[in-house]
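Quick notes on the structure that follows.
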Number of protein chains: 4
Amino acid sequence: MGNTFGHLFRITTWGESHGGGVGVVVDGCPPRLSLSEADIQPDLDRRRPGQSRIVTPRNEADQVEILSGVFEGKTLGTPISMLVKNKDARSSAYDEMAVKFRPSHADYTYQAKYGIRNWQGGGRTSARETIGRVAGGAVARKILRERYGVQIVGYVSQVQSISARIDPETVQAMDVESNIVRCPDSRVAPRMIRLIERVRSAGDTVGGIVGCAIRGVPPGWGEPVFDRLEADLAKAMLSLPASKGFDVGSGFNGLALTGLKHNDLFRNRGGKVITLSNRSGGIQGGISNGATIYFRVAFKPVATVMHEQWTVDVQGRNASLKGKGRHDPCVLPRAVPMVEAMAALVLVDHALRHEAQCGPAPAKPVRPGKIKE
Amino acid sequence: MGNTFGHLFRITTWGESHGGGVGVVVDGCPPRLSLSEADIQPDLDRRRPGQSRIVTPRNEADQVEILSGVFEGKTLGTPISMLVKNKDARSSAYDEMAVKFRPSHADYTYQAKYGIRNWQGGGRTSARETIGRVAGGAVARKILRERYGVQIVGYVSQVQSISARIDPETVQAMDVESNIVRCPDSRVAPRMIRLIERVRSAGDTVGGIVGCAIRGVPPGWGEPVFDRLEADLAKAMLSLPASKGFDVGSGFNGLALTGLKHNDLFRNRGGKVITLSNRSGGIQGGISNGATIYFRVAFKPVATVMHEQWTVDVQGRNASLKGKGRHDPCVLPRAVPMVEAMAALVLVDHALRHEAQCGPAPAKPVRPGKIKE
Amino acid sequence: MGNTFGHLFRITTWGESHGGGVGVVVDGCPPRLSLSEADIQPDLDRRRPGQSRIVTPRNEADQVEILSGVFEGKTLGTPISMLVKNKDARSSAYDEMAVKFRPSHADYTYQAKYGIRNWQGGGRTSARETIGRVAGGAVARKILRERYGVQIVGYVSQVQSISARIDPETVQAMDVESNIVRCPDSRVAPRMIRLIERVRSAGDTVGGIVGCAIRGVPPGWGEPVFDRLEADLAKAMLSLPASKGFDVGSGFNGLALTGLKHNDLFRNRGGKVITLSNRSGGIQGGISNGATIYFRVAFKPVATVMHEQWTVDVQGRNASLKGKGRHDPCVLPRAVPMVEAMAALVLVDHALRHEAQCGPAPAKPVRPGKIKE
Amino acid sequence: MGNTFGHLFRITTWGESHGGGVGVVVDGCPPRLSLSEADIQPDLDRRRPGQSRIVTPRNEADQVEILSGVFEGKTLGTPISMLVKNKDARSSAYDEMAVKFRPSHADYTYQAKYGIRNWQGGGRTSARETIGRVAGGAVARKILRERYGVQIVGYVSQVQSISARIDPETVQAMDVESNIVRCPDSRVAPRMIRLIERVRSAGDTVGGIVGCAIRGVPPGWGEPVFDRLEADLAKAMLSLPASKGFDVGSGFNGLALTGLKHNDLFRNRGGKVITLSNRSGGIQGGISNGATIYFRVAFKPVATVMHEQWTVDVQGRNASLKGKGRHDPCVLPRAVPMVEAMAALVLVDHALRHEAQCGPAPAKPVRPGKIKE
């Protein structure tokens, strides 16, 4: 249970890191959308291992196949099944994991919950699981772009304590992709890369923050009281492996202000309603207000380190374990397409839910004020 | 849409601040649980206005009535309908809200989404909406306590920039309730209270952080990959009015550490598996590990301030608006029972979901290491 | 669990026959629909006891109150809570039910499932439970009528072995309401009424069939492969108390034909696509084709008879029980508004689901051929 | 939308008759169940074309592959993905279907709903779609058998107007499988087979009834008021291609009786509570009572006939069409495993739902009285 996400645009993912493959079934996709593997593969390529020197050097092509739901290049409205086959590379690097729990991984909890686990490469807990999300998210992004003009730009905004300055109003995907750490602030990106390289050399790992800006969402998306837009974004982000926190708009940093300063004042500028600031992050009362939506996701340092650490074995006896094989020193660069995919899935679902109840959104979005992250 | 929360233990809330009342239907409650209004009212009393000098002085008794689902003092397994009637106090304080949007409230977005809104007291966007959550959450807490021995303790841990030191392993509800700001750190609580009083005198407002500790959850609760325990907690918390952020375990603060230091090492101590630290916050891979679960929720400063602020009217013309009537200078003390209620709803739902698939949880929880917030 | 129906237009019902009342929460209703109690009460009046000499003479007014979701006569898009209070008439007629299971009722199964039951008047298993359905269905019918021009006409088509001839293409609500048995075939209605009176005098009961015709549904409603329109109708009907069977179009009676004769041939008549017959019942492959939808629901004879019958008591000892108090000799006349309400709930939900994925339905329905029930 | 079935034990199916394949994702399967392709294939073999001289002679092996969710022969508790590849046999027999609507098929409605359809072999509307259901159902049946001792036996009970006499209390799968029409009444099976052969020679088709008996269900499964056990069975059955009707217990045939005769009287026999008859079909008030559950499903005559029939083309112009290729003259023999699979899916889901709310079912089922179909 728990492998389906969304109400009207709904993905169901499946697959372990070792076994027949990983995949996703997308249900609820509008019919007659042009779709082929070429729409999906680029996001998978941004997610895949081996893409740069600061991610895990495992080389997996992760080629996606669309098995159903598309006919003569168009979606049918029926379920879209997508499959990425696993390479059957059963590594002896994993043998120790059969009998010992990796610290701060999910080995112990899967064993405790299910009484069984696929210990090869982490099984279902492997980041490979996110392939289905990214593939489904690529379909969602295409709909958002083509039907609504919505743009989603994710980016690395902090690595350990190196912070970037990024303006959600203007950040461009091109700038994100201009370096291997996916930080659009060209002043700090090289420092982030050097930090990750240094940490990797030390057999250690770091965490950080992925930010995300969403522009072009019309007012009206979000379903109070429980399925607020920010609530579903929070759930989506906290469902990603290694994520530990989420905030939207001014978030945790907004607490320093009083209400008088924190409020986003409405103003009419040349016939348009704008807000003079955007501390709300584009969402008020759980509903988009037409301004740019932006949020942050905290990812903890990767748990697999290349040092001997204490742990217990499956019998509960004291033991120690040292990370082996090829691992990411920092998940952030590969997490960017995951964050974007999950955001896209939330937004398409909410677009459809909103229109189902209320009809198409009205034409007058609030134009947002300036904010800085 | 969006007014139902949970899968197996499920609440549906309804009601506006003005109108016949507010309420909740609880579906999926186990049968034969002792239940009466006396189990619900105490949490509603902690939520209600007028309870202390630092919350809104509106005096509403918020007496709950159980209309169904209970027979001779026991739950029937059928839906439990609970109702709190509204006092029909249509205040002229709200008249201006009919024609102007309050800044950083949901007036604009409700109007944009639905093309109509109940502007009296905020209608559905009023914090009165949370009465149904707290009532449903009280049933959930009772189940958690009686059936699983789970304890949930929420507390105010920060008001603007005044931070408390609170240990999730040991914090007691009694200490939380020992002062009106609901901060169990008796050294800083008086300062928090004074700050709120000062801010209120200035017609201004402040935000802050509510923390929550959950002790006694067995290993195994949580449904990867999407319905991870922390993902559902995040959604629950971000669905609360005025919340802007969530983190679990080390959260945003854990980013300073590297993997080597951040990992929670397993160790056998006298036959029990423990972790030497608890930066995971009791959840690994989306599943509880038996250690204490703790998380934080950021609440923004209340949007209603007693000063004239710029806004627009419903025609989009420039206007200004000054808060009137009786309002909270700070939501935190009243947010504590809301946070606890939502946490309880998430946990009971996950307890039932886990047992449905996997049977009762095993007997050997991880005993947690020390952590400090 | 199990007290919510629908995906996008969703009702949650609650309440026992004795206790605070019965009610419903409607979530997902489009905003800005005119709505008041006057839209709901007529269907409740057609459902209520005491309406004629062939239903139970219990006299309950069943006045509905709308508690939320409506503001100045229009729906808000927020949940609509409706309440019908119970008269607190705890009858001693029910005392025996505390200790004995009524044959072919749900007393035994509720006790077995929940280990507890509200034995007063059947508790949740009472037909009073359908008040919430009829109230929610009245909202759904209004939307269908005003937004889509869809007409739903239910009718009694068979009482025991007295069958009526009714043409789903032309049957009118006015004719249904022209007699107390709600059979629009004026030749057989008097015989049905006499049969029910005779059966009642004998302390016995009868069952029969309620048919339903739905005209004006555009092509395209229905969500294969599981949520086919006929599948959701079947579920809706079999969820009604005392129902035992459902068929659509030619149904069980179509089995006598071979494929050659059974097929509904398409033909262009004056620029319109029609079918020369409508054995499909307006649904093909789970999706409406624009022709009239018609189906039948079998209701068993009422289980409460005024004769001593064998049973067991709650300890499993042999006993006997004789029906007391005031009961329906035949549920059919009161079941008509229930069938219509459930049909309306299914259709509105499917209208919204269809439009969410595919946009508004195209303009060219199939015009149906003649069929006779 | 609409391609997922179940709440706690949930299948999502995908695939068109032409394309990469068809498949299913099973979510919510209990962990540590022994499972391999050998558990799935036998039911697929009973469903597959080419199995006998009275079904379509298309020869498809329909070999299933388990891609995930199983490790070292045991289920992991994670999603089980199963795939049956299509043979890429694009037949020119289908070319005419690109431009003409087959009468009483779903071509017209899919086109009307989605504005596009995969016309090759019917695409998603092909009976090939049921492969995923049967594969998922095989897992469900294994759980029911091993964990609960529940036996599901489907059978053909009527072909056109040839009816069999079958006792749901005693019918055995072995007898069902003893002949190619899957009718356990050996007196009439040969006549049914001859009828189907005769009809096929005439290029025509017939329909009929599949019955199903379920023995061993404990009292307590079923979730009133909407998710009654019979309601979910009805939905499951009406979601099958070509089904037109459903009844449970005495069903449509019980209407001839009055309440006095129809009631199932409880009696204590040697310390066990039994019912002297079982017209309720093992379900009372939507909840199983421990007696045998039995129901009937009506399947219409197959729409594809080998005769020229009127229709229209995709432009709405009059045309005619004659069935080509290899088709079933009667779906019933192949429908038996489909009915069993859907019944199994409903029952496992309800078993888990019941236990989630109420804990394991009590030990004292009602032993059923004799009934005859």
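Can you tell me which aspartates and glutamates have their Cα less than 17 Å from the Cα of B:Lys85? Leave out same-chain residues fewer than eight positions away. Leaving aside aspartates and glutamates fewer than 8 places away in the same chain, those within reach of B:Lys85 are B:Glu16, B:Glu37, B:Asp43, B:Asp45, B:Glu60, B:Asp62, B:Glu65, B:Glu129, C:Glu65. When you filter the trypsin sites (Lys or Arg not before Pro) in the range B:187-291 for DSSP loop state and at most 16 other Cβ atoms inside 10 Å of their Cβ, you are left with B:Arg187.
In this label model, B:Ser34 and D:Ser320 are separated by 8.1 nm, measuring between points 7 Å along each Cα→Cβ vector. Using a simple spin-label model with pseudo-atoms 7 Å out from Cα toward Cβ, A:Ser201 and B:Leu276 lie 2.7 nm apart. Measuring how big the range C:285-329 is from its alpha-carbon positions, Rg and Dmax come out at 20.0, 56 Å. D:Ala319 sits among other residues whose Cβ lies under 13 Å from its own Cβ, and their net charge, with Lys and Arg +1 and Asp and Glu -1, is +1. Each part reduced to its alpha carbon centroid, the range B:190-260 and the range B:96-127 end up 27 Å apart. For D:Arg32, inter-copy separations between label points set 7 Å beyond Cα along the Cβ vector come to 2.5, 5.3, 5.8 nm, shortest first.
The H on the amide N of C:Val225, modeled in the peptide plane, is under 5 Å from the matching H of D:Asn3, each at least 5 residues off or on a different chain. Distance from the D-onto-A rotation axis is smallest for the Cβ of the chain D residue given, in whole Å, as D:Thr12, 2. Toward the positive end of the charge dipole of the range C:281-359, with +1 on the Cβ of Lys and Arg and -1 on the Cβ of Asp and Glu, the farthest Cα among C:Asn318, C:Val336, C:Ala356 is that of C:Asn318. Rolling a 1.4 angstrom probe over the protein assembly as shown with all protein chains present gives an accessible area of which 49% lies on carbon and sulfur atoms. Simple point charges give the picture: +1 on the Cβ of Lys and Arg, -1 on the Cβ of Asp and Glu, and for the range B:227-373 a dipole about the Cα centre of about 500 debye. Taking each of B:Lys142/C:Lys113; B:Lys74/D:Lys142; B:Lys142/D:Lys142 in turn, the alpha-carbon distance tops 29 angstrom for B:Lys74/D:Lys142; B:Lys142/D:Lys142. Residues in the range C:4-358 average 28 Å² of solvent-accessible surface per residue, probe 1.4 Å, ligands and nucleic acids excluded. Give me Rg over Rh for the range A:4-358, both radii from the alpha carbons and Rh done the Kirkwood way, two decimal places. Expressed as Rg/Rh, it is 0.98. Using the empirical formula 2.2 N^0.38 Å as the baseline, the Cα radius of gyration of the protein assembly as shown reaches a ratio of 0.89. Taking Lys and Arg as +1 and Asp and Glu as -1, the other residues whose beta-carbon sits under 11 Å from that of D:Ala298 total +1.
Near D:Ala344, once Lys and Arg are set to +1 and Asp and Glu to -1 for all other residues with Cβ below 14 Å from its Cβ, the sum equals +3. For chain D, the longest principal axis of the alpha carbon atoms and the long axis of helix D:130-143 meet at an angle near 20°.
Residues whose amide H comes within less than 5 Å of that of D:Ile287, counting only those at least five positions distant or on another chain, are D:Leu229 (H built at 1.01 Å from N in the peptide plane). Give the Debye-formula value of log10 I(q)/I(0) at each listed q (0.15 Å⁻¹), with one equal scatterer per alpha carbon of the range B:4-163, two decimals each. Treating every Cα as an identical point scatterer, log10 I(q)/I(0) equals -0.92. Here the simple spin-label model places points 7 Å from the Cα toward Cβ, and for D:Arg145 and D:Asp167 these points are separated by 2.4 nm.
Between copies, the label points of B:Arg198, set 7 Å from Cα on the Cα→Cβ line, lie 4.0, 9.1, 9.9 nm apart, reported in increasing order to one decimal in nanometres. Rounded to the nearest 500, the 222 nm mean residue ellipticity of chain B from helices alone is -7500 deg cm²/dmol, with -39,500 (n - 2.57) taken per DSSP H run of at least 4 residues. Inter-copy label distances for A:Asn318: 7.1, 7.3, 9.3 nm (label point placed 7 Å from Cα along Cα→Cβ; shortest first).
The H on the amide N of C:Ala213, modeled in the peptide plane, is under 5 Å from the matching H of C:Val153, C:Gly154, each at least 5 residues off or on a different chain. Its residue count N fixes a reference of 2.2 N^0.38 Å for the range C:220-373, and the Cα radius of gyration divided by that reference is 1.38.
For the range C:71-144, the set of trypsin sites (Lys or Arg not before Pro) satisfying both a DSSP loop assignment and a count of at most 12 other C-beta atoms within 10 Å is given as C:Lys87, C:Arg90. Note on the protein assembly as shown: with charges restricted to the Cβ of Lys and Arg (+1) and Asp and Glu (-1), its dipole about the Cα centre is near 0 debye. When chains C and D come together, the accessible area they lose, probed at 1.4 Å and totalled over both chains, is close to 8700 Å².
The values are calculated or read from the model by the stated rules, or taken from the named source; none is laboratory data. Just so you know, these numbers come straight off a predicted model, no measurement behind them. In this analysis, Cβ positions are derived from the backbone assuming ideal geometry, glycine residues included, and neighbour counts consider all displayed protein chains. Note: accessible area is taken over every heavy atom of the protein model, side chains too, but ligands, DNA and RNA are not part of it. Shrake-Rupley method; radii C 1.70, N 1.55, O 1.52, S 1.80 Å.
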